[in-house]
Amino acid sequence: MKEHFRLKETIVTIQADTPSYIEVARESIKVHRRELESYIVSDPFFQSTLEPYDMDGDFPEVVRRMIEAGNAMGIGPMSAVAGTISALAVEAMADAGATFAIVDNGGDIAIINDRPVVMGIYAGNSPLKNIGFVMESRDSITGVCTSSGSVGPSISFGMADAAVIFSDNVSLADSAATALGNATDIGKDAVERSFDVVKDVPGIKGAIVIQGEYMGFWGDVPELKRADVRYECITKG
């Protein structure tokens with residue numbers, strides 16, 4: 001089953017085998033968004049800073065994860081907001097008994113899958129199209145997060161059409177995708193250099209960058225295959 005769900009700026013596609021797990025995900029998103037919004041009211045700087053955030057303090061879980069991920073990449077905590085919301089929702093689904101659950105929050109995906117899943121990469125106007133990869137079945141949650149300088153509303157200071165990170169820490173994957181996208185300039189050499197920002201970060205398993213006609217890989221990347229990447233299936237507003 002698949003459901004499109006929107007709560008303010010959070011726009012997700014939720015997949016599971018039964019409606020009850022989808023409802024669990026919706027409730028998790030509501031709870032953690034409320035906690036995040038309350039914290040931002042108490043400190044608006046949290047939402048605006050592009051720099052690492054002070055870890056001293058007693059934070060809600062959603063805020064703590066965002067801070068840790070952003071700090072690991074040397075950027076602001078909001079870089080991890082979508083992946084963190086996805087992760088907490090899938091964790092709630094798994095705790096309720098789901099063995100197949102996907103939450104796609106605008107390209108920042110948390111997944112636990114008891115069967116192989118093909119994910120497509122949408123890279124905007126890049127000529128590299130209909131490319132995907134196979135997420136083999138596993139019994140633990142992992143993250144697949146994407147940033148782009150040419151697709152979507154998120155802030156990016158780079159030129160990547162798609163910067164994809166694989167990590168079992170979904171919050172880290174989200175922040176790392178932002179950092180990788182920021183580091184990507186134009187051309188083959190720029191794509192190769194961009195991976196320097198993620199190579200030495202513990203917890204990052206692999207990465208893909210698409211920039212124009214160039215595609216680069218680093219680390220442990222799932223098997224690539226042709227995929228029918230349909231624009232109407234992308235989680236967006």
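The values are calculated or read from the model by the stated rules, or taken from the named source; none is laboratory data. Because the structure is a prediction, the values reported are computed rather than measured. Reconstructed Cβ throughout: ideal geometry from the backbone, glycine too, with neighbour counts over all protein chains shown. Only protein heavy atoms, including side chains, enter the accessible area calculation; ligands, DNA and RNA are left aside. Shrake-Rupley method; radii C 1.70, N 1.55, O 1.52, S 1.80 Å.
Which of the residues belonging to the range 32-53 are assigned to a helix (DSSP H, G or I), among the charged types (D, E, K, R), free of Cβ contacts under 8 Å to residues at least 40 places away in the same chain and under 24 Å from ALA176 (Cα atoms)? GLU35, GLU37 - these are the residues of the range 32-53 that are assigned to a helix (DSSP H, G or I), among the charged types (D, E, K, R), free of Cβ contacts under 8 Å to residues at least 40 places away in the same chain and under 24 Å from ALA176 (Cα atoms). Keeping to the range 35-50, report how many residues are over 10 Å from VAL63 (Cα atoms), open to solvent by 60 Å² or more (accessible area, probe 1.4 Å) and over 19 Å from the mean Cα position of the chain (by Cα). Result for the range 35-50: 6. Consider the range 157-169 and keep the residues that are modelled with pLDDT under 95 and not in a strand (DSSP E or B). The one that is surrounded by the fewest Cβ atoms within 10 Å (Cβ to Cβ) is PHE157. The number of residues in the range 58-112 that are hydroxyl-bearing (Ser, Thr, Tyr) and either open to solvent by 30 Å² or more (accessible area, probe 1.4 Å) or under 16 Å from PHE166 (Cβ atoms) (or both) comes to 2. For the range 2-29, the set of residues classified as under 18 Å from PRO60 (Cα atoms) and exposed (fewer than 14 other Cβ atoms within 10 Å of the Cβ) consists of GLU27 only. For THR178, are the conditions met, namely being of a type in the set (Ser, Thr, Tyr) and part of a strand (DSSP E or B)? Answer is no for this residue.
Which one of these is over 20 Å from LYS2 (Cα atoms), more than 15 Å from the chain's Cα centre (by Cα), at pLDDT below 90 and among the hydroxyl-bearing types (Ser, Thr, Tyr): SER154, SER126?
The unique qualifying residue is SER126.
Of all the listed residues (SER148, SER137, SER79), the sole one being in contact with a Gly (Cβ under 9 Å, 6 or more places away or on another chain), polar (S, T, N, Q) and at pLDDT 95 or above is SER79. Out of the residues in the range 226-237 that are open to solvent by 90 Å² or more (accessible area, probe 1.4 Å) and among the basic types (Lys, Arg), which is modelled with the lowest pLDDT? Top of the filtered list is ARG230. Got at least one residue in the range 9-31 being under 22 Å from ASN182 (Cβ atoms), touching a residue at least 24 places away in the same chain (Cβ under 8 Å) and of a type in the set (A, V, I, L, M, F, W, C)? Among the residues of the range 9-31, not one is under 22 Å from ASN182 (Cβ atoms), touching a residue at least 24 places away in the same chain (Cβ under 8 Å) and of a type in the set (A, V, I, L, M, F, W, C), which makes the answer no.
Examine the range 179-197 for a residue that is open to solvent by 10 Å² or more (accessible area, probe 1.4 Å), of a type outside the set (A, V, I, L, M, F, W, C) and under 26 Å from ILE85 (Cβ atoms), and state whether such a residue exists. Yes: one or more hits.
Please determine whether any residue of the range 203-221 is small (Gly, Ala, Ser), open to solvent by 10 Å² or more (accessible area, probe 1.4 Å), out of contact with any Pro (no Cβ under 6 Å at 6 or more places or on another chain) and closer than 18 Å to ALA110 by Cβ. There is at least one residue in the range 203-221 that is small (Gly, Ala, Ser), open to solvent by 10 Å² or more (accessible area, probe 1.4 Å), out of contact with any Pro (no Cβ under 6 Å at 6 or more places or on another chain) and closer than 18 Å to ALA110 by Cβ.
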